[in-house]
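Structure, as structure tokens:
Each reported figure results from applying straightforward, stated rules to the coordinates on display, with no laboratory input. Because the structure is a prediction, the values reported are computed rather than measured. Virtual Cβ from ideal backbone geometry, glycine too; neighbours counted across all protein chains shown.
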Amino acid sequence: MAKRPPGPIPTATNSKTEENVSVHEILVPIKNAAKREEVKVPKVPSSINFARKLPFCHGYMPALEATHLLIRSGDFLIRLREVKNEVRVVVSVALTSRQSSELRQVNEKEDTRKGCQLAKKAEQKVDNGGDGDREKGLDAFSETRPAPFRETIAVNYRHMKLRENKNGCSLDGEKYFSSLKSLLAYYMFVKMEGEQKFNLRNPISRQYGSFRLSQIKIVRTLGNGAFGEVSLAEINHPAFEQDKAVVKTMKKGVPEHLELEEKFLVEGGISIPLDHPNVVRTLGWCYDSKPLQLLMELCPGGALSTFLMTKSEKVSNLTLTRFCLDAARGLDYLHEVGVLHRDVAARNCQLDEYGTLKIGGFGLSLKAYYYEMSGPENLPSRYLAPQCLTEYAFSSQSDVYAYGHLICEMFNNGQVPYVGMSGAKAREEILAGKILSVHGRAPEPLRVLVENRIFAFHPIYRPPMNEIVDFLDALVNCLEEANPKENGGVESALEAGNGDNLQPSNETEDVYELVDPGRTLATY
């Protein structure tokens, strides 16, 4: 409808109009487009772009990780989800007990009504890499008596995909808003009477250890594998003093992408809380883009396996024994916090700028005190304890057995266990009780400890890591007293350029084989 012209509103009159009044004018179009007064329509940002700028948008954080941040009912955050190359906004919110109960009743009714159709749809969601978000259920909430919202400990969670169509944006399919900004403003600030289907009260901002993509600058690639790559990066994060880090990224597009991403998330979930001087520190995640990136501290000394193969002859036995003590302390800490490493080896150890050894490589680690395999896994079979090959069981004592192989690597110039043998032959040697011998340059008490106790066939005869730490601590003190002027030599060796080899050499990485508990040893 046309707007009224400015000025007084014309009214009816009885006076006659003069006949000589002209009502026609000449209108000349303006040919110069620059002189035209263009009507500027404000560009409404898309929901995705607007969501990315919010401090409580956590990128592509998985649903399970999001629930760890939602403590009380009304806590919520925004995350992104990619389905069939389409990015969707998801609002994750913590529910009250009443909201959870009603949601459960609704879901049970939906499951009963749809039956097999719902199960089939769930399978399709798993195949498409979804995180199990239900789009339905909120629409069918039964009427409830009005009740004020009371903040309580969260008992359940809801992951709602933002619905966008010609009507606008909606979370429940009932109320539509012109933009995501208007939607959030309504649910956060408008006081609503009675019990609600969900309450967006407290936005949960990004946590310590969450990196923006703009805070990471990849410098160069350090290593490439079949399923991922490791890069050196410059970081600029207010929570961290260091300006460099190692970035681990999973490759996208490989057939096992979803399974590998799940294992990648488990690795980060285990390693991020770890805090010990002899454990490689995991700084955090970058969820801003796919594939996800895991950031770890940079150890300028490089991989221990590379150091041992190139420079172990230049350092003293005291230095190598200190390395053994550092590794024992790190492994003892892992066992104290309930983590099984399952891949203790020189290739998974790093040296910092001061020559301190740190244990890393948590790709096979588990948050458990005891674990039995239920399916085939790629494992470093020549490092495994006998019970890992017969009972397919892992415990702190199996880590102790693998630690014995690490000591052998220390004094054998970084050679992998049973070098020159096939994996099948190495397993035969392990099950026959044919243990490795520690090189003659190792201190005699340490060699006796490894060959007589650490390599004990039965796990109950192996010492726990805290006893090994005490033993090595006393041994290092004795060596220092016996050779007070001895220079360890690790500092000069590190200055010789080992920092250029931050990743283990390819020769040391080909030790993983498929171990299947469903097969007998004779069929390997």
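Worth pointing out:
- Both radii are taken from the alpha-carbon atoms of region 213-297; with Rh as the Kirkwood radius, Rg/Rh is 0.95.
- Burial ranking of peptide ranges 50-57, 410-417, 89-96, 306-313 (average Cβ count within 10 Å, highest at the top): 89-96, 410-417, 306-313, 50-57
- Part-to-part distance (alpha-carbon centres) for region 421-489 and region 336-408, which is given in Å: 16
- Cross-link table Lys53/Lys244; Lys84/Lys248; Lys161/Lys217; Lys166/Lys197; Lys161/Lys252; Lys358/Lys425, entries beyond 27 Å C-alpha to C-alpha: Lys161/Lys217; Lys358/Lys425
- Convex hull volume of region 404-474 per residue (C-alpha atoms, cubic angstrom): 90
- All-pairs alpha carbon distance profile, region 302-523, 10 Å steps from 0, percent: 8, 35, 38, 16, 3, 0
- Point-to-point label distance, Asn236-Val83, nm (Cα→Cβ direction, 7 Å offset): 3.7
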